[in-house]
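The values are calculated or read from the model by the stated rules, or taken from the named source; none is laboratory data. Since we're looking at a predicted model, the values are computed, not measured. Reconstructed Cβ throughout: ideal geometry from the backbone, glycine too, with neighbour counts over all protein chains shown. Accessible surface areas use protein heavy atoms only, side chains included; no ligands, DNA or RNA. Shrake-Rupley method; radii C 1.70, N 1.55, O 1.52, S 1.80 Å.
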Amino acid sequence: MIPESCDLLTPNRSDIAPIQAHIEVTIDDLLASLRRPERLSPEERRGIIARYTSVLEGNFIYWMTSAYLSARSTAAHAIIQDNLLEEVRDNHPGMLRKFAIAAHAVPTDADALAVYRNLEAVRQFVSRLSSVPIVVMMAFFEGLLQRFMPYLADLAKRQGSAEFQYTDVHGECDIAHTQGLYRAIGAELPRAADVASEDLLEGVKLLRALLLNIITGRADVHQVHRP
Ligand SMILES: [Fe+2]
């Protein structure tokens with residue numbers, strides 16, 4: 001079960017352990033809900049890759065940039081800057097586009113529309129530039145992505161792809177990125193003046209809904225289903 005509020009978990013607001021525990025449970029829950037690739041139709045497999053690409057290709061660096069812009073501590077800035085540098089220097093959006101092309105899963109208008117509402121909700125959240133909840137969301141995102149890569153690669157392979165640079169790179173680098181972002185949360189928490197009145201998990205909840213949308217193709221799925 002995922003607790004509804006971080007208030008239940010964080011008697012001490014400078015302690016990142018309850019946040020990390022919540023993120024890990026949320027990731028476990030999402031991954032456990034994935035239907036096995038061999039049980040999906042080719043169109044269902046294509047759809048997951050296409051919706052994933054539609055969301056990640058143009059938004060990941062933008063959301064990480066919002067974490068940079070909202071952060072106040074030198075430590076968080078340094079950690080997030082390293083992450084951004086790697087994304088830009090190694091052309092991760094281009095890597096993802098190649099992955100989608102090779103899997104015959106380039107996003108269509110319909111794929112973009114299928115995730116529009118939940119994507120817009122994350123964008124609205126990010127636009128508030130609230131440091132801790134955004135960095136918490138990005139730690140969740142990195143942690144999830146790293147563990148999602150073998151599944152994504154399996155979907156692509158079954159769609160006839162032999163292009164795995166994107167999934168190979170992200171299966172490895174995101175481990176260090178996730179740990180870095182937890183350190184960034186620890187650096188931001190004492191400096192965030194508005195932390196007491198904020199839902200630190202707001203971004204995690206919104207991004208979780210978007211990820212469920214990507215996985216299922218439906219915008220109205222809010223609970224994970226065991227396959
Ligand atoms: Fe990346």
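Name the residues in region 48-98 that are free of Cβ contacts under 8 Å to residues at least 12 places away in the same chain and under 18 Å from Met149 (Cβ atoms), would you? Selection gives Asn91, Gly94.
Before we move on, is Ser54 at pLDDT 95 or above, farther than 19 Å from Leu211 by Cα and among the hydroxyl-bearing types (Ser, Thr, Tyr)? Judged against the criteria, Ser54 is not a match.
Of the helices (runs of 4 or more DSSP H) contained entirely in region 23-116, those carrying at least 3 residues that are surrounded by 15 or more Cβ atoms within 10 Å (Cβ to Cβ) and within 16 Å of the ligand (Cβ to nearest atom) fall at 42-70, 74-89, 92-102. Condition check: at pLDDT 95 or above and closer than 25 Å to Asn91 by Cβ. Does Ile61 satisfy that? In short, yes. Scanning region 120-175 for residues that are open to solvent by less than 10 Å² (accessible area, probe 1.4 Å), free of Cβ contacts under 8 Å to residues at least 40 places away in the same chain and either more than 16 Å from the ligand (Cβ to nearest atom) or β-branched (Val, Ile, Thr) (or both) gives no hits.
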